Amino acid sequence: MPPATITDTQGIIAIAAAAVAVAALLGCIALSISVRRLRGAQRMVLGEHDRQDVVAHAAGMQEAFEALREYLDEAAARLDGRLAGVEAALRGTISHRALVRYDAYNELSGQQSMSIALLDDEQSGIVLSCIHHRDQARVYGKQVRGGRGELELSPEEAEAVRLALAAGQNPAGDEQGA
């Protein structure tokens, strides 16, 4: 048999096979580099010591997020309950107040008498009046429910209640009337 040459059929097939082998070798090198980069990226996410794959890691992360969400939902429910209790307690605290000074006896001694209203969010509380005269001072207290005195309020006491409730709507601070 004569020796094979590059130009006959066997030589052409050998060259084509070598070209396919070189292309396959280059493809394997490219895939190896790609897999190495992918493993490096997985090590960044999973860490060096973890032998689980990305899918198992993602499933673990999903379970951890669901457990965290359940814990946060429970904590939020507990906080809502506590907040409701605090809000109920705060409704009974003094949140509206006003002071009215006046001269009870028109003695030109200055505005030594005063009425102070101390009310909660339900417009209930007390009005204290201190009436000062030259030789004596008297203190009166009246209960207020729903913005109205259980006993008849003097004009100054009614003004103190009105200012206290108005100050609650306009939180600019305490007001002083005449």
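So here's what we get for this one:
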read-out	value
Two-site FRET efficiency, Cys130 against Ala84, from Cβ-Cβ distance with R₀ of 45 Å, rounded to 0.05	0.70
Antiparallel %, DSSP beta bridges [both residues in segment 96-177], to 5	90
Mean projected area (nm²) of the alpha-carbon convex hull when segment 9-89 is viewed from all directions	9.2
Pairwise label distance in nanometres, Cys28 with Gln42, each label 7 Å out on the Cα-Cβ vector	2.1
Residues Val54, Val127, sorted so that the one with the fewest Cβ neighbours within 10 Å comes first	Val54, Val127
Whole-number percent relative contact order across the chain, with pairs defined as alpha carbons under 8 Å at least 6 apart	15
Residue of Arg148, Arg91, Arg134 that the Gaussian network model of the chain assigns the largest fluctuation, springs spanning Cα pairs under 10 Å	Arg134
Highest-fluctuation residue, Ile116, Ile131, Ile29 considered, GNM on the chain with Cα pairs under 10 Å	Ile29
Kyte-Doolittle at least 0.5, axis length at least 27 Å by Cα - qualifying DSSP helices, the chain	9-46
Gain upon complete extension [Thr9, Glu152; 0.36 nm per residue less C-alpha separation]	39.1 nm
Debye-sum result for the chain in log10 I(q)/I(0), which assumes one identical scatterer on each alpha carbon, at q = 0.13, 0.14 Å⁻¹	-0.84, -0.90
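The numbers here are math on the coordinates, done by the rules we state, and not lab data. What you see is a predicted model, and the numbers here were worked out from it, not measured in a lab. Quick reminder, even Gly has a Cβ in these numbers, built from the backbone with ideal geometry, and neighbours come from all protein chains shown.
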